[in-house]
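Scroll down for the structure; my scribbles are underneath it.
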Amino acid sequence: MGRHALCGFYRMDGLLGGRLTPTRLFAGSLVLFVLHQGAIALGVSHPWADSYLDTFLFLLVALGLPAWMIRFWQPAFRWNPAFIVGAWAATSVAFEAWIPSFDPRFTGDAWDVLSYALGAWLFQRTEARAGGLV
């Protein structure tokens, strides 16, 4: 048995060993986002989730939904990594600098920028793997 024969055994990719595809990432992110918002509506609160979960999931859902729809017509469609970085930068500036400057309900937070970045990184990695780039 060669070195590559056991790679799947030692490295779980996705839930229960399944491959994390862009569709699974989008669906899982959307379900988690809806469940979190439902929990908030029911008065259930968790400080970490309330602060960072939605920011982590934002780009996964915001880029995942249009990509999922486009893939009905163009199954090979993948977002360009530069576009994903631009979406992260625009989201960070809008929600952490611009909106807090005129709406007191929002506060700028560098940890949120990192959370957006982690979501963008996971999204880009999943896109690249699906496209055969990684």
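Any read-out appearing in this document is the output of simple, stated calculations on the displayed coordinates, not a laboratory observation. In this text the structure is predicted, and so the values were computed from the model without any measurement. Please note: Cβ atoms are built from the backbone with ideal geometry, for glycine as well, and neighbour counts cover all protein chains shown.
Rounded to the nearest 20 debye, the dipole magnitude of region 22-134 is 540 debye, with +1 charges on Lys and Arg beta carbons, -1 on Asp and Glu beta carbons, and the Cα centre as origin. Look at the dipole of region 21-130 built from charges on Cβ: of 43, 31, 116, the Cα furthest out on the positive end belongs to 31.
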